[in-house]
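First up is the structure itself, then whatever we jot down about it.
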Amino acid sequence: MKLSEIKHAGLVKWVNEVAALTTPDEVVVCTGSKAEYDGLIEGMVKSGLATRLNPEKKPGSVLFRSDPSDVARVEKRTYISCAKQEDAGPTNNWIDPVELKATMTGLYKGCMKGRKMYVIVFSMGPVGSAFSKIGVEITDSEYVVCNMIIMTRVGTKVIENLGTDGYFVPCLHSVGKPLAAGEADNGVWPCAPMEHKYIAHFTDDKVIWSYGSGYGGNALLGKKCLALRIASVLARDEGWLAEHMLILKITNPEGKVKYITAAFPSACGKTNLAMLIPTIEGWKVETLSDDIAWLRYGKDGRLYAMSVETGFFGVAPGTSAKSNPNALAAASKNTIFTNVALTEDKDIWWEGIGYDAPGTVIDWHGNPWTQDKANKEQAPAAHPNSRFTAPAEQCPCVAKEWNDPKGVPVSAILFGGRRPSTIPLVHMSRSWTHGTFLGSIVGSEVTAAALDVASGIRRDPMAMKPFIGYNAGDYFQHWLDVGAAAKDQSLLPKIFYVNWFRKTQDGKWLWPGYGDNSRVLKWVFECCDGTAKTVDTPIGIMPTVDAIDRPEGVSEEDMKALLSVDVEGWKKELEDVRKNHYPEFGDKMPKALWDVLDDVEARLDKASKPRRCCHCCK
Ligand code: GTP
Ligand code: SPV
Ligand code: MN
C-alpha cells in the first residue's frame, strides 16, 4: 500500500518527517495480508536471518537467532520520560524529554539507510471497539512487522477505522543498523550496541521511541510499551486498569462459567495458567489472553477484562506436551521461533520440551550442541528467554469470546510470583483494599525475561514494576480508586495471592503446578460462589487442608506445608515491606496500604504470642 492512499493528514505528516530523518530507501505501508507476511519471511530467509523449518513438522514456520546482546527486554535502557521526574517515580529510569529526544534524534538520523521503512497501523483490542487503542509503529525491521502481524490487528481495516483524524499512539522503532550501499544483513541479527539502546516512553505526549533492539517487548511496541506503559497512563486518566494479566474462562462440571485474570511477573506462568488442562474431572479452562488485560466497569457495575493481543509471544523452554500441550498446538504451524535450538531435520528443540535432544542440534548461537546430561553446568541449547510467536486462533483452547469488544466480567483476580518459601499456595484477601495490598507486595525470584536485573527476590507490585508508566505510588492509589468507584463493592472481583513455586529444603517443587493448578482455581471458583471451605488466618482467608484435592505425589504433610501460615516467615516478609519496599514510594504510598500492613502485622503478632496455659493466666 502507498502512503498517498492514507487519508489521515497527521499520520502522513509524521511518516514523512520520520522518513526525512531516518532516510530509508523506501516507505512501505503494511496491509497485514498473508501475501505481505509471506513475502517478508521469504526476504529474511534469503538474507540469512530466518531458517525455514521442516514443512511437514512445522508448516509455515521459521527460526530466528538474535544477537547475544539482544535476547530480552533491557530494563536499564527503558525510560519513562516526562517533564517532572516525580511523575516517573522511583521504579522507572528517567531522562528529561528534551534531552532524550535530542539524543535519540541524533541516533535516528540516517539510521534506516539501506533499509525499508514499514508503517504498521495496528489496533490493540478489536478494531472499532470503543475500548481499543490504535498505534502506528514505524520500523525498519521485517522481523518486527511479521511479529506484529501475528500479535496485533494490522492493516487496511485499522487504517480505515483511523479515518482522517482518529487518535493514534506514534511508535517509532529502528534496529539502529543502517546498511551501506550493496550491504545486506547476511545472517547477522541487526541491532545497536547496548549503550545506544533506548526504549523511551514520552508519557506527557504519549509517544514511544525505541532504538537499537529488535527483540520482543523492546521492539514489538504494541505490547509492553503501548498496551502497558502508555496504556497505564491513559487508564489512570480515564479511570480503568491496564494490567500484565492473563484472562481465562473456567467452566465447572455443571456448566457454570467464571472469568479469572492473573498477574504474575514475566516468565512466572501466565501462558501456562491461561492454557491449562485441568486434572480434575469435569472442569474446563479456556484462554482469552496470556499476557495483557485491560479492565473497566461495564454498565452492570462489574469489572470487565478485554484481551488486546491476537497472538502469544510465549516462553519456549519448559513448554512440553505434558506441561502445556495447548501452547505446543498453537505453535505447531505458522509460528516464528526465536533463539530455540534447531534439529538436524529442521524441527525445533528446547530444554524441557519433554524429550532428549535428537542427536546434535544447532544451539541458539548457531553452533553444534550435543546434550550432556551428566554435565549440570552445560549451557542450554535454547536461550532461557527463547520464545514462540503464535496466532491465538491456532490455540485449541482459545475461548469463543476472546475477541469480544466488551470483554468478559471478572470474578477473581490472582496475584503471584516465584517464591520458594513463605508464601502459601493460595490465600484470599478480605477486601479490595487488602487485595491491592497483596498485589503491592508481590515479590518474585528474578527470571530470564529481562536481561539486566540482579538475581534474588525482587518486589514486583502487581507484576507491573517494569511496566507502570508513571509513579508507582500513584498507581497503587489508582487501584484503590478503581475499587472505591465500584457501584456495589460486592460486584468487585475477589483478589487472591497464589504461589505455585514453593520448594522443599532440598530444592524440589512442593507443588506439581501446571494442570494441577486447576485444583486451586476450583477453590477460587468456590470462594466466588461462597461455597468454599475456608479458614480465617492472620494473612487472609485460606482453604482448609481438605478443601483442595491433593494431586498425585503430594503428601498430606506437603499439603499442610503449602497451606499453613509461616508466621515467622511472614513477619520477616512484612518487615522487609515496611523497611525497604513501601518507603521507596515516600509520600505517594497510600495510607490505606500502610494501614493494611499494620493490621496484618498485628494479627501475626497475636498469632505468635505464646498461648496461655489455663484460665488462671488470663
Ligand atoms: P511472560 O511471557 O514473560 O510474561 O511469561 P509468563 O508469565 O507467561 O510465563 P510462562 O507461562 O511462559 O512460564 C514461564 C516458565 O515458568 C516456563 O518455563 C514454565 O514451564 C514455568 N511454569 C509455568 N507454570 C508453572 C507451574 O505451575 N509450576 C512450575 N514449577 N513452573 C511453571
Ligand atoms: C515479558 O517479559 O513479560 C514478556 C515478553 O511477555 S516481552 O514481550 O519481551 O516483554
Ligand atoms: Mn509478559
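Tabulated data
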{"item": "Meets criteria (within 16 Å of ligand 3 (Cβ to nearest atom), open to solvent by 20 Å² or more (accessible area, probe 1.4 Å) and not assigned by TED's automatic domain parsing to the domain that holds M124) for P384", "result": "yes"}
{"item": "Residue, farthest from ligand 3 (Cβ to nearest atom), within region 489-524, restricted to residues that are among the hydrophobic types (A, V, I, L, M, F, W, C) and in a strand (DSSP E or B)", "result": "W509"}
{"item": "Tally, over region 308-340, of residues that are in contact (Cβ under 8 Å) with a residue 12 or more places away in the chain and either of a type in the set (V, I, T) or open to solvent by 10 Å² or more (accessible area, probe 1.4 Å) (or both)", "result": "22"}
{"item": "Per-region count, region 583-601, residues over 20 Å from P538 (Cα atoms) and aromatic (F, W, Y)", "result": "1"}
{"item": "Neighbours by Cβ (under 7 Å, 6+ apart or cross-chain): first from region 194-223, in contact (Cβ under 8 Å) with a residue 40 or more places away in the chain; second among the aromatic types (F, W, Y) and in a loop (DSSP other than H, G, I, E, B)", "result": "T203/Y470; G214/W189"}
{"item": "Hits in region 587-618 - residues which are at pLDDT 95 or above and of a type in the set (G, A, S)", "result": "A592, A602"}
{"item": "Residue count, region 263-293 (criterion: within 12 Å of ligand 3 (Cβ to nearest atom) and either in a strand (DSSP E or B) or of a type in the set (A, V, I, L, M) (or both))", "result": "6"}
{"item": "1 or more residues open to solvent by 10 Å² or more (accessible area, probe 1.4 Å) and free of Cβ contacts under 8 Å to residues at least 40 places away in the same chain: qualifying strands (runs of 3 or more DSSP E) within region 78-172", "result": "133-139"}
{"item": "Residues that are under 24 Å from A316 (Cβ atoms) and at pLDDT 95 or above, drawn from region 438-463", "result": "D460, A463"}
{"item": "Test result for I260, over 23 Å from I150 (Cα atoms), within 18 Å of the chain's Cα centre (by Cα) and either in a strand (DSSP E or B) or within 15 Å of ligand 3 (Cβ to nearest atom) (or both)", "result": "yes"}
{"item": "Number of the exception - L414 against (1) hydrophobic (A, V, I, L, M, F, W, C); (2) surrounded by fewer than 19 Cβ atoms within 10 Å (Cβ to Cβ); (3) in the same structural domain as V498 (by TED's automatic domain parsing)", "result": "(2)"}
{"item": "Total residues in region 533-565, condition touching a Lys or Arg at 6+ places or on another chain (Cβ under 9 Å) and either of a type outside the set (V, I, T) or surrounded by fewer than 18 Cβ atoms within 10 Å (Cβ to Cβ) (or both)", "result": "16"}
{"item": "Residue count for region 430-482, restricted to those that are open to solvent by 10 Å² or more (accessible area, probe 1.4 Å), on the phi > 0 side of the Ramachandran plot and within 16 Å of ligand 2 (Cβ to nearest atom)", "result": "0"}
{"item": "Subset of region 45-63 [crowded, with 22+ Cβ neighbours inside 10 Å and over 18 Å from Q394 (Cβ atoms)]", "result": "L49, A50"}
{"item": "Filter result (among the polar types (S, T, N, Q) and within 16 Å of ligand 2 (Cβ to nearest atom)) within region 264-292", "result": "S266, T271, N272, T287, S289"}
{"item": "Subset tally (residues that are out of contact with any Ser or Thr (no Cβ under 8 Å at 6 or more places or on another chain) and not β-branched (V, I, T)) for region 333-354", "result": "4"}
{"item": "Number of the exception - S4 against (1) modelled with pLDDT under 95; (2) in a loop (DSSP other than H, G, I, E, B); (3) not aliphatic (A, V, I, L, M)", "result": "(2)"}
{"item": "Where a residue in region 33-51 is in contact (Cβ under 8 Å) with a residue 24 or more places away in the chain and its partner, wherever it lies, is open to solvent by less than 30 Å² (accessible area, probe 1.4 Å) and charged (D, E, K, R), with Cβ under 8 Å and at least six apart", "result": "S47/D185; G48/D185; L49/D185"}
{"item": "All positions within region 229-257 that are assigned to a helix (DSSP H, G or I), open to solvent by less than 20 Å² (accessible area, probe 1.4 Å) and away from ligand 2 (no atom under 15 Å from the Cβ)", "result": "V233, L234, A235"}
{"item": "Where a residue in region 583-608 is in the same structural domain as R430 (by TED's automatic domain parsing) and closer than 18 Å to E573 by Cβ and its partner, wherever it lies, is among the polar types (S, T, N, Q) and assigned to a helix (DSSP H, G or I), with Cβ under 7 Å and at least six apart", "result": "L593/T436; L593/S440; V596/T433"}
{"item": "Candidates A532, A547, A450 - the one that is in contact with a helix residue (DSSP H, G or I) (Cβ under 8 Å, 6 or more places away or on another chain), within 16 Å of ligand 3 (Cβ to nearest atom) and either of a type in the set (G, A, S) or more than 21 Å from I292 (Cβ to Cβ) (or both)", "result": "A450"}
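The values are calculated or read from the model by the stated rules, or taken from the named source; none is laboratory data. Just so you know, these numbers come straight off a predicted model, no measurement behind them. Note: ideal-geometry Cβ built from the backbone for every residue, glycine included; neighbour counts use all protein chains shown. Just so you know, the surface numbers come from the protein's heavy atoms only, side chains and all, with ligands and any DNA or RNA stripped out. Shrake-Rupley method; radii C 1.70, N 1.55, O 1.52, S 1.80 Å.
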